[in-house]
1. Among the residues of the range 114-162, what is the count of those that are under 29 Å from V192 (Cβ atoms), touching a helix residue (DSSP H, G or I) at 6+ places or on another chain (Cβ under 7 Å) and part of a loop (DSSP other than H, G, I, E, B)?
2. If the Cβ limit is 9 Å and pairs must be 6+ apart or interchain, which residue in the range 110-132 that is closer than 11 Å to A40 by Cα and in contact (Cβ under 8 Å) with a residue 60 or more places away in the chain pairs with which residue that is among the hydroxyl-bearing types (S, T, Y) and assigned to a helix (DSSP H, G or I)?
3. In a helix (DSSP H, G or I), touching a helix residue (DSSP H, G or I) at 6+ places or on another chain (Cβ under 7 Å) and of a type in the set (S, T, N, Q) - does that describe any residue in the range 216-228?
4. Restricting to the range 163-206, count the residues that are in a helix (DSSP H, G or I), under 27 Å from L225 (Cβ atoms) and either among the acidic types (D, E) or modelled with pLDDT under 95 (or both).
5. Would you check which residues across the range 174-216 are touching a residue at least 40 places away in the same chain (Cβ under 8 Å), closer than 22 Å to R161 by Cβ and buried (at least 20 other Cβ atoms within 10 Å of the Cβ) and list them?
6. Any chance the range 193-202 includes a residue that's at positive phi and of a type in the set (G, A, S)?
7. Give just the number: which of (1) assigned to a helix (DSSP H, G or I); (2) closer than 30 Å to A10 by Cβ; (3) β-branched (V, I, T) does I231 not satisfy?
8. Can you name the residue in the range 202-260 that is closer than 20 Å to G106 by Cβ and among the small types (G, A, S) and is also farthest from the chain's Cα centre (by Cα) among such residues?
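The values are calculated or read from the model by the stated rules, or taken from the named source; none is laboratory data. Please read these numbers as outputs of a predicted model, since none were measured by experiment. Note: ideal-geometry Cβ built from the backbone for every residue, glycine included; neighbour counts use all protein chains shown.
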Amino acid sequence: MLRQRIITAAWLAPLMLAGLFGLAGGAFAAFTGVIVLLAAWEWTNLAGVTVASRRLMLVTGLALLMALLWWLGAALAAWPLWIAVAGWAINLYWVVHYPAKSDQWGSTIARLAMGLWVLLPAWVGFNVLRDMGGVWLLYVLLLVWGADIGAYFSGRAWGRRKLSPAVSPGKSWEGVLGGLAVTLSLAVVFAVWQRLGAVGGLGLVLTTVAVTLVSVLGDLLESMLKRFRGIKDSSNLLPGHGGVLDRIDSLTAAVPLLALLSLGVL
């Protein structure tokens, strides 16, 4: 397993960095679109669609919708990001009340709709952040990675109070605080680097707290769906790492929020 993880990371990391920071415009939209469509393929299984032809049809429909948004210019607009805000508020309610409220979202249609408001705004958010020059795209990646690393080590060392035992028994509030400590340190570094000043720096700190917390929700949402579906990984597309969704679940929540706040705050 470790050997597989190393081999996959060895080719995946350079590919992702080259695509995310070496491409722009339509090429970047296509690159991130492929990532989101792979995640959508996995989401159809999480939604309970098991017939390959039906899954392919649903993914093709999402691809056409993404192409339409790009043609209309909506891939760089704020309104799809507001859909994400509303959608993640609903997701939070369902995660907090799992499994009591699972009848509200457990149908295949409901889970597919959930995937639409999770994945499509994430793609839009990627494009918005890249269009700003890539600095905030780099920031959200470092923020999510930092939150994960801080939560892992803090949780192992001090984790006592469970965050959401019904959804993900291994996560703790101490882990969340450890992740916040890392991302707030990152915010200070970026505020100095970007010369945001006192007001801009405070805005970045507040933004970082919100985005860090919602990134945790992104992780919990996928855990909830996998637990409901009775599977460990979203797929085996990335040997040793699970599926694409397993790698970008936190980003699907963090990216739209940071993109929206960046349009109006940063």
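1. Matching residues across the range 114-162 total 2.
2. Taking only residues 6 or more apart or on different chains, the pairs are L112/T44; G115/T44; V118/T252; L119/T252.
3. Taking every residue of the range 216-228 in turn, none turns out to be in a helix (DSSP H, G or I), touching a helix residue (DSSP H, G or I) at 6+ places or on another chain (Cβ under 7 Å) and of a type in the set (S, T, N, Q).
4. The qualifying residues number 1.
5. Within the range 174-216, V176, T183, T212, V214, S215, V216 qualify.
6. The answer is yes, given that some residue of the range 193-202 is at positive phi and of a type in the set (G, A, S).
7. Result: I231 fails condition (1) only.
8. G230
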